[in-house]
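Structure, as structure tokens:
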Amino acid sequence: RTALESGHRTFVEVSAHPVLTMALTQIVDDAHVLDTLRRDADQPTRLLANLAKAWTLGHPVTFDTVLPHTASVDLPTYAFQQQRFWPTPAPQQPAAADGLDADFWAAVEREDLAALADWRRRREARAVTDGLAYRIAWDPIPRPEPTTGPSTWLIVAAGPDDGLAEQLERRGARTHVLSPGSDIPADVVFDGVLHVADSLTTTLALVQTLGAAGVAAPLWCLTRGAETDPEQAAIWGLGRVVALEHPERWGGLIDLPSTPDDRGWDLVWAALTGAHGEDQLTIDGGGLLGRRLVRAAAVEPDADAEPEFRGTVLVTGGTGALGAELAAWLAERGAEHLLLLSRRGPGAPGAAALIERLEALGARVTIAAADVADRDALAAVLAAVPADLPLTAVFHAAGVLDDGVLDRLTADRVSAVLRPKTVGALNLDELTRDHDLSAFVLFSAMAAEIGSAGQGSYAAANAFLDALAERRHRRGLPATAVAWGPWAVDGMAAGDAVVEERRKRSGVTGLPAERALAALRQSLGRGEAVTVVADIDWERFVPGLVAVRPCPLLGRIAPQARQALADPAGDAAGGPALGARLAGLAPAEREQAVVDLVRGHAAAVLGHASPEAIEVDRPFRDFGFDSLTGVELRNRLIAAAGVRLPATVVFDYPNCVLLAEFVRALVLDGAVAVDNPVFGDLDRLEATLTRAAPDRSARARIAERLHALLAAVNAEDGAGDGTVTERIESATPDELFDFIDRELGVS
């Protein structure tokens, strides 16, 4: 601490993160507070920035010592006029040659053209691999101005809300506090929903409950310590998927300090009500920070050397496609004993061939059947590691994939995906603490950091791994989580041509194993806790992602991500323009125009060159639509038509004609022309009956049920239609199915 002549005092906090700076500014009047490090900032840049600030406050700073190769220039106190004052960079000194450069000059001296060609290939490969790596950063966000009008908020908290309702009410809000599982008031229109998020399951249940109740207010989730708390991080992983599947009713995520003060609550209120577009925020150091994906720094030459492994290296999921490639890579780098875990162990397909392959590379191989999520079983496997080949590295590549939109996820489905990833990782973390490990690597997924529609449970599970790696890293333990994009090898989604085609259209290319493993080597060399590694064409990827809402997360990668695009397909008028166009058409022309719109977007989602590839009365499922492509079509239609559509709309209205009628009614009337949900069920029944091709016995039973149902409906009304009803009541089963085909327009 130093005191200046002006009476101002300057404090410098020397710690791993400036947790005391805000308190000092509140306690000490006329104080300036600097810090040396921030856990989410580039450390040299942060230190230089604070030295510069100290200099502006009057402290002597010898910049020539800090930046010996930087010229300093005295600037005038008046405006720059007719003279350039920017410093001229000093001539660059030749950098110390790394291994690649040394090879280059040696080849030049020998005039070895083959060696020069090899040098060029390695140089290009290194540049390509560097371009695949990304990391998460946090950018300061200007404090938004909160709304001043009254607003009504639903607060959902499993336990005490920590005074949240009181804090919001002090700032002019009306609140209703609800515990999870309670009924949502049907007579209140909410401006927002605020969830004190305690677990993944309660958050998912709330998303589903709000949708079922028709609550359109944006949902915000509050967490604490999500960066290093795996349970809280899983909620963030889920939230990024909610933003994609339910963009119209998602607010965002805010991570709070453990005990927010008044200024912190002011920031929460500003974040909730201000018009800023941010949906992933943390409150830190008295300000708001927005989450950003940025390119990772290139690996320094001295950290780019091939890693070496000794003793026993454990690989979970070791007999899977990725595990096998990883095991071979480890064997080539000196791993003496490969301990490969999988649920089927030696009985896994290809296990014998894998052992032969790895032994040919000089490694001793043990394949064990063990569930990594079973702590006792894992402990027994580790206890059997040979004493002369101690455990030196852990690679956790086990995982289960079960895609599905959030509205259709169940607790059992979520648990099946989380268990091998999260429980397995916790067991490995705990049981290997006493081992002298050189690497503890968690195979995560890009979905955890960016989100992926239809992968809510998978994104949550991998976000859990990323936070666990961060927590280990800060405790001084080895930890590297790699959030992978897809690999171009047979894996969990192998054989799914629809998934692969969708990835290509969206700009995501599968990583060849050789390139992925080169990126893994560089990730280990960076020494960072979490790295995203994916081959993404951002110009193709971003438009589909931001079709219905902005994505500030990608704002530093692709500036257009901050703005929602009006029409990702580029060929349809959206919102009011579509409504005006339809209003000027005759009824038959309106129907055809919307059918063409739906058909065109359906063809684009599936990658067809022409809309004619989609038959308008054929079920979407017959063309290969699944949960993920259904959400993509829904997002395109939201952008094109400017209306709210549920994530399950493709299944609720299962062909172009039915979906077009639903969209047309929303655009023109603001509501579905027939708003009884029974009609949606009838639509699905029609599609099911025409696809099922039941035998005569089944047709008779179906017809009997339909007769009984129609009789019950007529009994409620007291009368039926004298034409259609009479025909149905007197029809034989075959005649009834013919009627469905002819009169209901389904063939």
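The values are calculated or read from the model by the stated rules, or taken from the named source; none is laboratory data. None of the values given here were measured: they were computed from a predicted structure. Ideal geometry is used to build each Cβ from the backbone, glycine not excepted, and the neighbour counts take in all protein chains shown. Ligands, DNA and RNA are stripped out before the accessible areas are found, and what is left, the full protein with its side chains, is counted by its heavy atoms. Shrake-Rupley method; radii C 1.70, N 1.55, O 1.52, S 1.80 Å.
Counting 0.36 nm for each residue step from residue 275 to residue 67 and taking away their Cα separation leaves a gain of 70.8 nm.
One quarter of the convex hull surface built on the alpha carbon atoms of region 417-461 amounts to 3.5 nm², the projected area averaged over directions.
Where both bridge residues fall in region 211-365, DSSP classifies roughly 20% of the beta bridges as antiparallel. Note on region 319-420: with neighbouring protein chains present and a 1.4 Å probe, carbon and sulfur make up 51 percent of its accessible heavy-atom surface. Taking every DSSP bridge with both residues inside region 416-552, close to 15 percent are antiparallel. Expressed as a fraction of 2.2 N^0.38 Å, the value expected for a compact globular protein of N residues, the C-alpha radius of gyration of region 167-306 is 1.20. What's the extension gain from residue 109 to residue 612 if we count 0.36 nm per residue and subtract their Cα-Cα distance? Full-extension gain reported as 174.8 nm. Estimated from the Cβ-Cβ distance and a Förster radius of 25 angstrom, the FRET efficiency linking residue 19 and residue 143 is about 0.75. Pairs of Cα atoms nearer than 8 Å and 6+ residues apart set the relative contact order; for region 272-426 it is 22 percent. In order along region 338-344, the Karplus-derived 3J(HN,Hα) couplings, from 6.51 cos²θ - 1.76 cosθ + 1.60 at θ = phi - 60°, round to 9, 9, 9, 9, 7, 5, 9 Hz, and Gly and Pro are given as x. Taking all protein chains into account, the per residue accessible area for region 150-254 stands at 36 Å² (1.4 Å probe). Length gained on full extension, residue 509 to residue 380: 42.5 nm, using 0.36 nm per residue less the C-alpha separation.
The string of couplings for region 405-414 from the Karplus curve (6.51, -1.76, 1.60, θ = phi - 60°) is 5, 4, 5, 10, 6, 10, 4, 5, 5, 5 Hz, one whole number per residue in order, with x for Gly and Pro.
Considering only alpha-carbon pairs that sit under 8 angstrom and 6 or more positions apart, the relative contact order computed for region 215-271 is 45 percent.
Would you please put 206-212, 410-416, 657-663 in order of how densely packed they are, using the mean number of other Cβ atoms within 10 angstrom per residue and starting with the highest?
My ranking of the peptides, most packed first, is 657-663, 206-212, 410-416.
A 1.4 Å probe run over the protein chains yields, for region 268-389, 40 Å² of accessible area per residue, whole-number rounding. Put simply, when 312-319, 418-425 are sorted by average Cβ atoms within 10 angstrom per residue, most first, you get 312-319, 418-425. The protection proxy used here, the mean number of other Cβ atoms lying within 10 Å of each residue, ranks peptides 649-656, 158-165, 226-233 as follows, highest first: 649-656, 226-233, 158-165. The residue 668 and residue 353 beta-carbon pair, evaluated with R₀ = 60 Å, returns a calculated FRET efficiency of approximately 0.45.
In this label model, residue 344 and residue 45 are separated by 4.8 nm, measuring between points 7 Å along each Cα→Cβ vector.
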